[in-house]
1. Quick one: would you say D:LYS161 is in contact (Cβ under 8 Å) with a residue 24 or more places away in the chain and of a type in the set (D, E, K, R)?
2. Of all residues in the stretch C:163-202 being in a helix (DSSP H, G or I) and facing another protein chain (nearest Cβ under 8 Å), which is surrounded by the most Cβ atoms within 10 Å (Cβ to Cβ)?
3. Please give the number of the condition B:ALA240 fails out of (1) crowded, with 18+ Cβ neighbours inside 10 Å; (2) at the interface with chain A (Cβ under 8 Å from one of its Cβ atoms).
4. Identify all residues within the stretch D:99-139 that are more than 15 Å from D:ILE168 (Cα to Cα) and part of a loop (DSSP other than H, G, I, E, B); write none if there are none.
5. So which of A:GLU44, A:GLU17 is within 19 Å of B:GLY90 (Cα to Cα), surrounded by 15 or more Cβ atoms within 10 Å (Cβ to Cβ) and at pLDDT below 95?
6. So, in the stretch B:9-35, how many residues would count as being over 23 Å from B:THR227 (Cα atoms), part of a strand (DSSP E or B) and under 30 Å from the mean Cα position of the chain (by Cα)?
7. Mind listing whichever residues of the stretch D:223-237 are in contact with a helix residue (DSSP H, G or I) (Cβ under 7 Å, 6 or more places away or on another chain), within 7 Å of chain B (Cβ to nearest Cβ) and surrounded by 17 or more Cβ atoms within 10 Å (Cβ to Cβ)?
8. Filter the stretch D:114-131 for residues that are aromatic (Phe, Trp, Tyr) and farther than 13 Å from D:GLU99 by Cβ and give the result.
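The values are calculated or read from the model by the stated rules, or taken from the named source; none is laboratory data. Note that the structure is predicted; figures quoted are calculated from it, not measured. Counting neighbours? That spans all protein chains shown, and the Cβs are built from the backbone with ideal geometry, glycine included.
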Protein chains: 4
Amino acid sequence: MIRKGDFVLLVSEEGKEFLLQVDENKIFGTHKGNINLQELIGKEYGITVYTTKGSFAVVRPTIYDFIKRIKRQTQIIYPKDIGYIILRLGITSGSRVIECGTGSGSLATAFAFAVKPFGRVYSYEKREEFQKLAMENLKRAGVEDYVVLKLKDAREGFDEKEVDAIFIDVKVPEELVDSVWESLKPGAPVGFLLPTANQASSLLRKLNEGGFVVTELVEILLRRYKTNPERLRPDDLMNAHTGYLLFARKKEK
Amino acid sequence: MIRKGDFVLLVSEEGKEFLLQVDENKIFGTHKGNINLQELIGKEYGITVYTTKGSFAVVRPTIYDFIKRIKRQTQIIYPKDIGYIILRLGITSGSRVIECGTGSGSLATAFAFAVKPFGRVYSYEKREEFQKLAMENLKRAGVEDYVVLKLKDAREGFDEKEVDAIFIDVKVPEELVDSVWESLKPGAPVGFLLPTANQASSLLRKLNEGGFVVTELVEILLRRYKTNPERLRPDDLMNAHTGYLLFARKKEK
Amino acid sequence: MIRKGDFVLLVSEEGKEFLLQVDENKIFGTHKGNINLQELIGKEYGITVYTTKGSFAVVRPTIYDFIKRIKRQTQIIYPKDIGYIILRLGITSGSRVIECGTGSGSLATAFAFAVKPFGRVYSYEKREEFQKLAMENLKRAGVEDYVVLKLKDAREGFDEKEVDAIFIDVKVPEELVDSVWESLKPGAPVGFLLPTANQASSLLRKLNEGGFVVTELVEILLRRYKTNPERLRPDDLMNAHTGYLLFARKKEK
Amino acid sequence: MIRKGDFVLLVSEEGKEFLLQVDENKIFGTHKGNINLQELIGKEYGITVYTTKGSFAVVRPTIYDFIKRIKRQTQIIYPKDIGYIILRLGITSGSRVIECGTGSGSLATAFAFAVKPFGRVYSYEKREEFQKLAMENLKRAGVEDYVVLKLKDAREGFDEKEVDAIFIDVKVPEELVDSVWESLKPGAPVGFLLPTANQASSLLRKLNEGGFVVTELVEILLRRYKTNPERLRPDDLMNAHTGYLLFARKKEK
């Protein structure tokens, strides 16, 4: 049942989506007419609401919807990359995971969703304003209990030791290689997001010397299609680059 | 600690990986010399073992490693797709999920890993020989407790109702649209893997009439790079196609 | 030497390009200050001109530059596709080639450049306004002498017979398969640009029945990189789709 | 008319292609039965020949067919790249072009086809054995008259000056930047094929200092589709990387 304060995803007949928080006296204006969100209170997910010119399915947002529509001040990590990262790092319910930096919190949100209810995500960030935004985004997605936000320069080391996995998304990742080694369980995986090829080269050199064996360097491309069954074709434009993903395993030094 | 019967991933200095089950009197021969797996018993993950010509890091396999090296008789779903599917369907610890067909069990393995410990995966398959192989693969990955394998033609309907998400990977997915609608929670997501553009067109038509709103049609491409820091470049060959991924939401009929 | 009426390509230090026609009393305003184009008259290609805030190399435009900056009222065919089309159809100096439809003339411009000085391009178009635009674009690129523009519905057949190659870019290409067969030399190649997968399926069926053997169906993707040597990385966005390219050979019916 | 010594392209009903030289007493064995090539002498291109189990269209090879089936001892440049290179460098009938190194001659073959009958390609190579192979390939394609093969280390400079365009495909392209500058017309374009990102970075630095303005760094991907109209889908595998293409213009030093 939909309650006051819940988030709903409105999906138009054409597949256009809107993520909204239900509240009293709240009207959502669309190109197809207005929707009174107050009237959703007490209804079930899955219903259809009608406006003057169309209709919208009212569905429960998934973690994907929260991430895709996250409030951002930074470049975020995209679902195409996040899904692969979680699988590659073997993150599951109960895992203890470090990420750095927090940024707008998109990866922390997804990691929290993967480790709940018994695991924890320790998310490091140097800039306080990002941390606040990340907390807001975690709360929207309802996963704030599974994340510990830390305001700290990770070059000094992470507080947690023997963690199951680490993911690093910072400007100079080489600087954190020693911190990563100190905090990972023996043999455990670490991942990095690297916007440039130069960063990939620099980090590869550092990892090879720093007690890691590199297992994969990849990029993931997502190509979306128009959904007209009589005119099936890719979208005209796509995101061509978010970053290279590098994965390694801690080994004996 | 590594025990008899455990799986280990051996990673060479060049990043070459081998997934092996530890046992007594078992020798693993590599191009760099032999490894006596029996000697790993009682050791810790993360150690390095030395052969006559090189060394290998001995690490704990993640779910990714089990999926990538799954025993297969069928075309499997790849990690690049699986990670996105789990995120897109909002599968998390505690979710109740249907998949059809089981095939070699790669998706069931990954879904089990995402829903454990309290959720369940109900995996449908018509051919008994695939079911046996899938069970073997689930056991290797240690997630057999979270999957219920069902030998049944899904056109007659799924036994479970009000499930959180469904994923379909069969030859004629249009035939299952009604079964999917009957078993999904209102507003809940369904995904499909479609090898051909013709299947995508046919299914889009059927979904639009059958009580669904389509939210996305995508393909995901993974491009792997060579990891020599002085000669950074993509691999020469890549998988160019596994299938189109279609996602929809159940709405009121 | 640069003369009045000539086109020049101005290239900034950052690689930003502007295609301009040199004329008296013509000032080109850039974000780096003004350039008096009149002063270029009598100078050589390759010089550098200085503005208050930067400098521009003044180079002779190639056919690529004219095509990339063509005046358009239609979707144009892109250089990534054009280069491959010319090679695939074996178009060379002296070739007699048909194309349909003319559109804004980007392909006609490139074909003209490939067949000159002794070959000819016969370019068919139904809408007079496009033909006028195409002629303007051909004249800008200086290749109008090698193209015969025809205002005609190609379903009635092409006037030329025994041509070396044909390229078709129209909405319903199946309708032109017979016209193509009648005008091609035995064994000669034909190419098609097809925006949708449905068109590709329909055309494949028709070609197989209509006296052709299909040799290739491809799509070509061009991914541009930022050129900062210390931060090498792909552009954020790319054109994800222009169309599928289908190539076939005429055979005996 | 097909004569003794001519090349023919045999295309099966499924689109499988074979490039063959017609000769007396020459039998070509296929999985569908034998073809007596001698019987093609005096016939026309475009005919169909029948074997015991199928048929083949006999068509005239285009330049694409010669390049795709070139005899190689080296990594060749692919048609997807060649078409774009020719357009980007503005190569046309009458152009004077330098390329280095010759390798197996695939690019020289294509350039020759683009500059004929009045232009010339000057192709530099250090290793004599490649030059011999390249000449053989040029002769097969019938374009040897338009290419001058030079056995010389290009670091000492190219013999020709004021050429219209240059293309470089060697291991250490930075070493040739001065030679390129000395031989190009003012403002004229140069292109490079660069297998690694490190080479791209190094060359970008050198070009920026060496009298060039960089206009583009790209990679081109070709994705082939299966041509069954009822099961339209990409091929399973594709070439994921041949090289980065870098284009620049000579400017005043």
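1. No: the conditions fail for D:LYS161.
2. Looking at the filtered set, the residue picked out is C:ALA200.
3. (2)
4. D:LYS116, D:PRO117, D:PHE118, D:GLY119, D:ARG127
5. A:GLU17
6. Within the stretch B:9-35, residues that are over 23 Å from B:THR227 (Cα atoms), part of a strand (DSSP E or B) and under 30 Å from the mean Cα position of the chain (by Cα) number 6.
7. Of everything in the stretch D:223-237, those that are in contact with a helix residue (DSSP H, G or I) (Cβ under 7 Å, 6 or more places away or on another chain), within 7 Å of chain B (Cβ to nearest Cβ) and surrounded by 17 or more Cβ atoms within 10 Å (Cβ to Cβ) turn out to be D:LEU232, D:ARG233.
8. The answer is D:PHE118, and nothing else.
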